[in-house]
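**Q** Dropping the structure in here first, questions after.
The numbers here are math on the coordinates, done by the rules we state, and not lab data. Just so you know, these numbers come straight off a predicted model, no measurement behind them.
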Amino acid sequence: MTARTDESALGYEQARDELIEVVRRLEAGGTTLEESLALWERGEELAKVCRRWLDGARARLDAALAERDEGGEAPGGPGAGADGLDEDADR
C-alpha cells in the first residue's frame, strides 16, 4: 500500500497514525514549500477520515443509548447502574 491509500479503506487508527506522522514532519520543518503543501493536503484528508470514523462511532453510541432508554433498562439488566455494573455487587 502507498502513503496515499484510498481513504475509504483506512481504519481510524491507521488514519490517525499517518496524521500524527504528517504533523510531525510539518513541525520538524526542512521540507520545501511544495512538500509542505502536499503534507498539509494529506493531513486534511486524513483528518476527514478520522472525523468520519468518530462521527460514526458517536452515532452508534447515541443509537445504543437511545435503544437502552426506550427499553427503560440500563445495560447489564435490572439493578445495574448507568455504567452497566450491578450496583449491589459490592455488598
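**Q** From the backbone phi of the range 41-49, what are the Karplus-calculated ³J(HN,Hα) couplings (6.51 cos²θ - 1.76 cosθ + 1.60, θ = phi - 60°) in whole Hz, Gly and Pro given as x?
**A** Here the 3J(HN,Hα) series is 4, 5, x, 4, 4, 5, 4, 5, 4 Hz.
**Q** Through the Karplus equation 6.51 cos²θ - 1.76 cosθ + 1.60, θ set to phi - 60°, convert the phi angles of the range 29-36 into ³J(HN,Hα) values in whole Hz; use x for Gly and Pro.
**A** Values per residue, Gly and Pro as x: x, x, 9, 6, 4, 4, 5, 5 Hz.
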